[in-house]
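One structure below.
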Ligand code: 9WN
């Protein structure tokens, strides 16, 4: 991939890109465009619908008859928590496979209640290590007869999945018998964990192998693993099988990690899988915030399932309380603003922070105060802050630490399942903006880079296995959730419609500006520049609306706009001055409108925002649309209309600017995150500024060239205004002229005839 996101100031911005529609995804298959013109719902729903279909296809291809393997070749058996996440995805469209997935896993439940990390598929043995011959679980009286399993467990997400299956079923009543069958098994699993893995009855269970955490080679485990002195002479011989699938070994755990993984397994089998014996001699016993948060959250679901089938939720609820209190008390690290693991062997916390340390949010286990601190740590350069650019939320390890490795497995890349849980956790505590941004990253990663196992935290490249099960499944779930959120915002919009139904002339009123007409344009431009200097973050394209609203600079600007009512537009002389005047005025009417309408999250809260907001100028009304399509686009047809902006006899046609300069599209700011970054344009330098704006946009993540896929992903701006660039061919020429990456340019030159464009979702969230 040639042109993704670069670490230079010129290309600083990464935008979050999402579709616009208020339809649910099931309806989205009918591809109904959304009504509002602030988004082209039709084509965007199609992108979602296509990818949901692709995700389902992946799950079908990984289906083994009664459960789903996590990945086509790398993981050819059933995995414990993978099945939970996969069932969550399937619950939206295939209740029967979702239930079968969970039932198959629990059919291999051990007699003591443990649900194994892997249930081996007898038909695909020989392709993974370690397999039953190495685990030798038959030594344990607890191992399930007739089933081939490993001898450890994983984070128990299953009750959450089961509750989802019920909630998402078309006819939940029909799922009740499944709930009745699975409930005692879930209860037995949780009971096993509290009984066998919490020897001191603290409410915190331990894991005894990094594979039990699900985040195998997280830097957190380096500390306890160092304790294991591997003696090659006594280590049972073994051969790794995970490196033979075309995956770069540098993206997988090292041999020295495997030696330790293997020596732990060897210890377990030597102990006959007897928990008391293992506990006595195991060098790796860790109370992990990830595992315990998942368990705690699963207890909430278990209580819910109990209620649904008429059982008492008390046991599950008391576990919730106990584990929450223990996480809060024992795992919180106030100096680091995060939850840490506790090493039971050393009797100390492990102060190595990964994304797992935020997961108590998922379980509601963090106190409000802890959540505030967690949020500060999470929303920082360490884990990719909101609007930071050049990163995807949330990398699994602190990007500022030495051991951070953007390509290696659990030592840096972004994982969909962890972030899925984090997004839920953030929402639970009211950090909606951050939750939205996580959700958007999680949606765009598979769409842009494929359904990979994990993703580069800076440029999004997909690593590990392709066609990965939980990436596909949770994508389906996230799409559904996204459409649910959209339904809520459209309800807000509908409310707003009632409040603001008519035109809003922002510079009407009694105030009259005393600046002489000849000086007004200059004064207005200076005041716009003052707004820019004080309240715009031009590198990230953000506006501090909150401070701006109350400022003297904004009052001054408002005051000057009153002078526009009598302003004689003939006073604008020269193309540069006219361009600067209209571009700056457009950008500032948008800001003024957002402030005046008290827009909170998106200009879409106010229907027909760009058409209704107007300034009276020289006896005429000019909306933002009039300025953009009428004046600056040379009275072109807006993409959402059949007619040109100004009709044949419209007197405002006297002010249209021709010829149209397509670079204005990278200077006009629509108050949203996917539009160009806001700037002040100076008449003296405007051509250079437009040039820089175009270059920056084309080399940002709004234009991604993917030679290996034979396609180019482009901002919707190139779609809506294709004609302004001279059609598809013109867009290609434009890209060729502005791209700086030689490989990308060459690809465009060589493949111009066959190249396909795909359009990136437009994010209408406010640029605040
Ligand atoms: C060992 C299946 C599993 C995931 C884990 C992930 C990876 C296995 C491995 O794959 O672990 O369990 O061989 O590396 O770390 O979370 O469940 O997808």
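No lab work stands behind these numbers, since they all come straight from the coordinates. Here the structure is a predicted model, which is why all the values come from computation and not from measurement. All Cβ positions, glycine included, derive from the backbone under ideal geometry; neighbour counts span all protein chains shown.
Quick one: order 719, 641 by neighbouring beta-carbon count within 10 Å, fewest to most. Placing the least packed residue first, the sequence is 641, 719.
Remark: segment 635-740 projects, on average over all directions, an area of 8.2 nm² (convex hull of Cα atoms).
Fully extended, how many nm does the chain gain between residue 728 and residue 751 (0.36 nm per residue separation, minus their Cα-Cα distance)? Please report the intermediate quantities before stating the final value.
Working: separation 23, 0.36 × 23 = 8.28 nm, distance 1.30 nm.
Net length gain for the segment: 7.0 nm.
Based on the convex hull around the alpha carbon atoms, segment 339-458 presents an average projected area of 7.5 nm². For segment 340-482, the relative contact order comes to 20 percent (Cα pairs under 8 Å, sequence separation of at least 6).
Shape verdict for segment 37-173, please, from the Cα gyration tensor: rounded (a/c under 1.5), prolate (a/b greater than b/c) or oblate. Prolate. With the convex hull constructed from alpha-carbon coordinates only, segment 113-184 shows a mean projected area of 6.4 nm² over all directions. If you plug the beta carbon distance of residue 740 and residue 432 into 1/(1 + (r/R0)^6) with R0 = 25 Å, you get a FRET efficiency near 0.10.
Quick one: Cα centre-to-centre distance for segment 82-146 and segment 162-214, in angstrom? After rounding, the separation between the Cα centres reads 14 Å. Exposure proxy for 620, 92: other Cβ atoms within 10 Å of each Cβ, ordered fewest to most, give 620, 92. Working note: Cα gyration tensor of segment 164-318, eigenvalues times five, square-rooted, sorted largest first, giving semi-axes of 36, 20, 14 Å. Remark: the residue 233-residue 381 segment gains 48.8 nm on full extension, using 0.36 nm per residue and subtracting the alpha carbon distance. The chain has equivalent-ellipsoid semi-axes of 54, 26, 24 Å, by the square roots of 5 times the alpha carbon gyration tensor eigenvalues, sorted largest first.
How high is the relative contact order of segment 227-309? Use alpha-carbon pairs under 8 Å, at least six apart in sequence, and give a whole percent. Over segment 227-309, the number comes to 27 percent. At an R0 of 41 angstrom, the distance between the Cβ atoms of residue 281 and residue 402 translates into a FRET efficiency of 0.80. Annotation: extensible slack from residue 64 through residue 688 equals 218.7 nm (criterion: 0.36 nm per residue apart, minus Cα-Cα distance). For segment 225-270, the Stokes-Einstein estimate of translational diffusion at 20 °C and a viscosity of 1.002 mPa s comes to 184 µm²/s, using the Kirkwood hydrodynamic radius over alpha-carbon pairs. Based on alpha-carbon atoms, the Kirkwood radius and the radius of gyration of segment 264-333 give Rg/Rh equal to 1.13. Applying 1/(1 + (r/R0)^6) with r as the Cβ-Cβ distance of residue 129 and residue 551 and R0 = 56 angstrom yields a FRET efficiency of 0.30.
Packing here is the average count of other Cβ atoms within 10 Å per residue, and on that basis the peptides 230-240, 191-201, highest first, run 191-201, 230-240. Would you work out if segment 687-739 is rounded, prolate or oblate? Take a ≥ b ≥ c from the square roots of the eigenvalues of the alpha-carbon gyration tensor; rounded if a/c is under 1.5, else prolate when a/b is larger than b/c, oblate otherwise. It is oblate, given that a/c is not under 1.5 and a/b is not larger than b/c.
Between helix 158-168 and the chain there is an angle of about 50 degrees, using the helix long axis and the longest principal axis of the Cα atoms. Modelled spin labels at residue 568 and residue 345, positioned 7 Å past Cα toward Cβ, are 8.8 nm from each other. Rounded, prolate or oblate, given the Cα gyration tensor of segment 515-559, with a/c below 1.5 counting as rounded? Oblate is the answer for segment 515-559, as a/c is 1.5 or above yet b/c matches or exceeds a/b. In terms of the mean number of neighbouring beta-carbon atoms within 10 Å, the peptides 219-226, 75-82 order highest first as 75-82, 219-226. Restricting the calculation to Cα atoms, segment 311-377 shows an Rg/Rh of 1.03 when the hydrodynamic-style radius is the Kirkwood one. The C-alpha atoms of the chain define a longest principal axis, and helix 575-596 lies at about 50 degrees to it.
Name all residues of segment 731-759 having a backbone nitrogen under 12 Å from the label point set 7 Å from the Cα of residue 640 along its Cα→Cβ direction, giving them as ranges. None, by backbone N distance to the label point. Projecting label points 7 angstrom from Cα along Cα→Cβ for residue 54 and residue 620 puts them 4.6 nm apart. Of 394, 505, 345, the sequence from fewest to most neighbouring Cβ atoms within 10 angstrom is 345, 505, 394. Contact order for the chain, expressed relative to its length and based on alpha carbon pairs under 8 Å spaced 6+ residues apart, stands at 15 percent. Using alpha carbons only, how many degrees (0 to 90, rounded to 10) separate the axis of helix 95-107 from the longest principal axis of the chain? Result, in degrees: 30.
Sort out for me the Cα centre separation of segment 292-320 from segment 44-63, rounded to whole Å. So the separation of the two Cα centres works out to 32 Å. Model label points for residue 709 and residue 312, set 7 angstrom from Cα along the Cα-to-Cβ axis, are 5.4 nm apart. Between the alpha-carbon centres of segment 649-679 and segment 729-764 there is a gap of 22 Å.
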